[in-house]
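Okay, structure first, notes after.
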Amino acid sequence: MSAPMQGEMQPSIYRFRLGGFEVATILDGKSMREGLHPAFGGNASAEEVHALARANNIDTNRFEHPYIPTLLNTGKQLILFDTGNGTLVNEYEQMKGRLPQGQLVSHLATADYKPEDVDVIVTTHGHPDHIGGLTSAGKPVFANARYVFGAAEFDFWKRGEGVSEARKFNRELFMKICVPLADRSTFIKPGDEVVPGVHAIDAAGHSPGLMAFHIESEGKRFVVTADTSTHFAMAVQRPDWYFAMDDDKDKAVASRKRILDMLASEKLFFAAFHFPFPGIGYVEKSAGGYRWIAHGYQLNL
Ligand SMILES: [Zn+2]
């Protein structure tokens, strides 16, 4: 008798040691999207984008868009960077077919963490796939957590001035999900310390106040880059190319290049929220931009 087809089975948790800390990237889910161009390279031709896709042996049209929050255990506190999509797709008609049901909480359980274990939730920016898991049906999912937001990001969404048409619903979500958490929140700016060993880095452009985070323990360094680069090939090899979901395209390009340059020149390992799971690796300079090198085993030694 032949064995039955079982369907895909792929890893969703990757945990490693970083000096005296533990870091885990956790897959919340993924979307399959149509139209690599103009999602990427809106300021380039479809031919150029398709050629780069072929050079990387990836489909010229469909692309995988994963969502990967990062969890950090400093030994004193458990810190979650972004909460993924949560139950948005069940709660809002507008989200149907656009975002997957978030699986962060069930994957945390697989890694032996309960939602109430999380002490601090750092939100890199206010886009739906990063704030969706903060609450479910209006209730905080992580009952004991305090929250950290970028002051510029929080103020932008709360004030609601200059919100693009495409981000109007995003603003509604932010008002419903994040603003009620303000009294349990700390608001920080680039350079500020979140907890000892964790500092915010300005990455604004993709959103008005996007922040990346530098983590350091016992001389080991790691960067949570969130959405500064949103595709392992397109955004890294051609950082000048616009990404459709970048709110301020030129500013996003400038931040992307500044951060990629830092990562390459300082040979830093980093996590990227939308790269292929586990979304960890480093970059080196290459013609036209940079080249992503997925994590081998360096962080496991
Ligand atoms: Zn995102």
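The values are calculated or read from the model by the stated rules, or taken from the named source; none is laboratory data. Values in this document were obtained by computation on a predicted structure and should not be read as measured data. FYI the Cβ positions are ideal-geometry reconstructions off the backbone, even for glycines, and counts take in every protein chain you see. The accessibility values were calculated without ligands, DNA or RNA, using every heavy atom of the protein model including side chains. Shrake-Rupley method; radii C 1.70, N 1.55, O 1.52, S 1.80 Å.
Among the residues of the stretch 257-288, those identified as over 15 Å from residue 222 (Cβ atoms) and within 16 Å of the ligand (Cβ to nearest atom) are 274, 276, 277. Inside the stretch 52-99, residues that are away from the ligand (no atom under 16 Å from the Cβ), under 15 Å from residue 30 (Cβ atoms) and not in a loop (DSSP other than H, G, I, E, B) make up a count of 0. Just wondering, is there one or more residues in the stretch 128-139 that are in contact (Cβ under 8 Å) with a residue 60 or more places away in the chain, within 20 Å of the chain's Cα centre (by Cα) and surrounded by fewer than 24 Cβ atoms within 10 Å (Cβ to Cβ)? Scanning the stretch 128-139 turns up no residue that is in contact (Cβ under 8 Å) with a residue 60 or more places away in the chain, within 20 Å of the chain's Cα centre (by Cα) and surrounded by fewer than 24 Cβ atoms within 10 Å (Cβ to Cβ). Scanning the stretch 258-280 for residues that are under 17 Å from the mean Cα position of the chain (by Cα) and without any contact (Cβ under 8 Å) to a residue 40 or more places away in the chain yields a count of 1.
To keep it simple, each residue is scored yes or no on (1) in a loop (DSSP other than H, G, I, E, B); (2) away from the ligand (no atom under 16 Å from the Cβ); (3) in contact (Cβ under 8 Å) with a residue 24 or more places away in the chain.
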position: 212; (1), (2), (3): no, no, yes
position: 221; (1), (2), (3): no, yes, yes
position: 229; (1), (2), (3): yes, no, yes
position: 239; (1), (2), (3): yes, yes, yes
position: 245; (1), (2), (3): yes, no, yes
position: 250; (1), (2), (3): no, yes, yes
position: 253; (1), (2), (3): no, yes, yes
position: 290; (1), (2), (3): no, yes, yes
position: 293; (1), (2), (3): no, yes, no
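Total residues in the stretch 36-80 satisfying the condition of being closer than 30 Å to residue 105 by Cβ and either open to solvent by less than 50 Å² (accessible area, probe 1.4 Å) or without any contact (Cβ under 8 Å) to a residue 60 or more places away in the chain (or both): the figure is 17.
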